[in-house]
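*Asks:* One structure is given below, represented as structure tokens, and several questions about it will come after.
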């Protein structure tokens, strides 16, 4: 037997967090079925009740795969490299392909445990009737098994490129969300069109598992504009997914050699050390020159905030300006393309799409910036330096949080041009846009508070990043899963109560997005978001105060 398989698999199983995740998933699946299990001797011959439970179960299982599977392969190779054990593996009699297969098999064995933990709930769904064993349950598990292998190979590939475990987790989760959601967006604008762009958009759609899963759940398209529709292309999805296995695996195998340790870089020259003509040219062509020496920290700025901006890639001015410009350009192009599309979208649908894309951006960006505010310092040894400075705990907390808050604020403001185009198309929507922007601001604060509090509880940056991503995505996706099960199995009051957990449902309700018009969520959603954010900020502050105390 390949020794790497045993080492990887048992290494994951020994983690208390992995056992807790399996236990929570099993309990969640069981509760979802028991909530709608018949309490008397009557049988629902139509199968509507069982299908409603099956939908919640299927979407929940998909969310479990998206949450848990990418975390372990994303840090597998980079941890070996940073600990120095990867060099020992490459010097062992094992070939690179044996090392790769061992790591992949170890992750897949644990991932299969995630699927096996759901089998009792799946059997209960099938026992309720109305679900086809082959084209229902069987196809669902087959698609999820394909996704497990795809995410495992993707995580291993990314882990071979990054230089830290938390960077691997961040990039992998971003790519997974991109494969699931962003690949659906181009087809929304080019459905029904002709030409190469329409063909590319259609094939991009096949990379996402959502159309296939929706078809398995027996649901028709939420919209006929391409995000989800009856023709899902199951065979195309299977073919592209298998092709990505070999693509990701081949790239990873090509890097499993001694060149993986090479990090040759140009030493570079500071702008201040160049000739006068060169300095003038760079000032003319660069809005923010990345090679110019920074000035000292002014007395009125929080030094911790400035330190975070200068040490973080997206905190540096040149990267931040690129991110803001990209967000502004994409928001305007999306709104303009939807307004001039061959399909009549309607301003409400455009607004719902804008809100969803902004939330995806916030969910992907915020935990990556916030989860390592404290754990990154503790991991690198920088926390001891902060402790011996005359800075108070309150000043450290304020500087850390402001460094992320200003970044999120600038990113959200960069998406405002899209809403201005909406108001230009339909001027009467200015009040709705105003309320939506308030909801999005609360979403940013809410996400910042939750990911900061969760990340501060862990010492290891990779664990903190994974936990923050899982927590934030759960708090955003669970209400959406309950909303998908509206009327069957969840009633109107239950759905409305669950949607109050985060302000996204309120934003979609205000913008009159399809499926959310029947829910009255304001101002209760703001009060809930404010209360949860306040509690999370308090947890973060108490944790910083506790760590700042003398030992």
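*Asks:* Read through the list (1) at pLDDT 85 or above; (2) in contact with a strand residue (DSSP E or B) (Cβ under 9 Å, 6 or more places away or on another chain), then give the number of the only condition that residue 482 fails.
*Replies:* Failed condition: (1).
*Asks:* Which condition number does residue 248 fail, the rest of (1) closer than 30 Å to residue 51 by Cα; (2) modelled with pLDDT of 80 or more; (3) assigned to a helix (DSSP H, G or I) being met?
*Replies:* (1)
*Asks:* For segment 446-468, does any single residue satisfy the condition of being in a helix (DSSP H, G or I) and without any contact (Cβ under 8 Å) to a residue 24 or more places away in the chain?
*Replies:* Initially, segment 446-468 is screened for residues in a helix (DSSP H, G or I), giving 446-456, 461-468.
Remaining after also requiring without any contact (Cβ under 8 Å) to a residue 24 or more places away in the chain: none.
Taking every residue of segment 446-468 in turn, none turns out to be in a helix (DSSP H, G or I) and without any contact (Cβ under 8 Å) to a residue 24 or more places away in the chain.
*Asks:* I would also like to ask the following. Suppose we filter 450, 454 for residues that are surrounded by 18 or more Cβ atoms within 10 Å (Cβ to Cβ), under 24 Å from residue 524 (Cα atoms) and at pLDDT 85 or above; which single one remains?
*Replies:* On the way: 454 fails: under 24 Å from residue 524 (Cα atoms).
Just one listed residue meets the conditions, 450.
*Asks:* Follow-up question, since we're still on this one. Pairs, please: C-beta under 6 Å, at least 6 apart or cross-chain, first residue free of Cβ contacts under 8 Å to residues at least 60 places away in the same chain and in segment 515-529, second not in a helix (DSSP H, G or I)?
*Replies:* Taking only residues 6 or more apart or on different chains, the pairs are 524/500; 528/500.
*Asks:* Restricting attention to segment 82-97, does a residue exist that is under 20 Å from the mean Cα position of the chain (by Cα), modelled with pLDDT of 85 or more, closer than 20 Å to residue 244 by Cβ and assigned to a helix (DSSP H, G or I)?
*Replies:* Going through segment 82-97, the residues under 20 Å from the mean Cα position of the chain (by Cα) turn out to be none.
No: zero hits.
*Asks:* Just the residues that are outside any helix (DSSP H, G or I), surrounded by fewer than 18 Cβ atoms within 10 Å (Cβ to Cβ) and within 30 Å of the chain's Cα centre (by Cα), please, taken from segment 371-389. Before the answer, list the steps.
*Replies:* The initial filter retains those residues of segment 371-389 that are outside any helix (DSSP H, G or I), namely 371, 381, 388-389.
Checking the rest, the ones that are also surrounded by fewer than 18 Cβ atoms within 10 Å (Cβ to Cβ) come to 381, 388-389.
Passing the criteria: only 381.
*Asks:* Also: Can you pull out every residue in segment 106-125 that is surrounded by fewer than 16 Cβ atoms within 10 Å (Cβ to Cβ) and either touching a residue at least 12 places away in the same chain (Cβ under 8 Å) or at positive phi (or both)? Spell out the reasoning first.
*Replies:* Applying the first criterion (surrounded by fewer than 16 Cβ atoms within 10 Å (Cβ to Cβ)) to segment 106-125 yields 112, 116, 119-120, 123.
Once the filter is applied, which keeps residues that are surrounded by fewer than 16 Cβ atoms within 10 Å (Cβ to Cβ) and either touching a residue at least 12 places away in the same chain (Cβ under 8 Å) or at positive phi (or both), segment 106-125 yields 112, 120.
The values are calculated or read from the model by the stated rules, or taken from the named source; none is laboratory data. Predicted model only: the values in this text are computed from it and were never measured. Note that we place each Cβ from the backbone using ideal geometry, even for glycine, and neighbour counts take in every protein chain shown.
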